[in-house]
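Rule-based calculations on the coordinates, nothing more; no lab input. Computed from a predicted model, the values in this text were never measured in an experiment. With ideal geometry, Cβ positions are generated from the backbone for all residues, glycine too; neighbour counts draw on all protein chains shown.
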Amino acid sequence: MGIISILLLAVIAVLHYAIFLVEAFLWTHRIGIHAFRLEKDFAVRTRVLALNQGVYNAFLASGIVYAIWQNSFAWAVFFAVCVFLAGIVGGFSSNKKILIVQSFPAALALTALFLQC
């Protein structure tokens, strides 16, 4: 894996750990409410779902960190595709912004991986 690929993957991992922190621990706090444009009562009712969603984001981030640590092209592609597809699903089922925040960086990382950058 090239340095650009590694940097893009690292950005994705950091982003997904940050999403994990907000979804798992700050969902009902003003940070979570503002970040996801939630109503307070909705945030309170859905905090368990957000925790579950956050854990999945932590798994994605951890997989990317593992791929970087192992310098594994195959694992990097696998987890970047997972992030990309999760962003597509989230973008079409929840909020179009997810396409930009999640799928676009994954697409950049995948491009860099296949171009060996």
So, with +1 on the Cβ of K and R and -1 on the Cβ of D and E, and no other charges, what is the size of the charge dipole of the chain about its Cα centre, to the nearest 20 debye? 280 debye
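For a quick check of your reading of the filter: which trypsin sites (Lys or Arg not before Pro) in the stretch 1-71 sit in a DSSP loop and have no more than 15 other Cβ atoms within 10 Å?
R37
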Which whole-Hz ³J(HN,Hα) couplings does the stretch 25-38 yield from phi under the Karplus relation 6.51 cos²θ - 1.76 cosθ + 1.60, θ = phi - 60°, glycine and proline marked x? 10, 10, 4, 8, 7, 4, 5, x, 4, 5, 4, 10, 6, 9
Obtain the nm distance between the two label points defined at V81 and L7 by a simple spin-label model: each point lies 7 Å from its Cα along the Cα-to-C-beta direction. 2.7 nm
Which FRET efficiency value, to the nearest 0.05, is calculated for F114 and L49 with the Förster distance at 35 angstrom and r the Cβ-Cβ distance? 0.50
For the chain, with +1 on Lys and Arg beta carbons and -1 on Asp and Glu, the positive-most of G54, V11, L26 along the dipole: L26
Residue-span extension gain [A18 to F73] - 0.36 nm each, minus C-alpha spacing: 17.4 nm
If one computes P(r) from the Cα atoms of the chain, what percent of pairs lie at distances over 23 Å? 30 percent
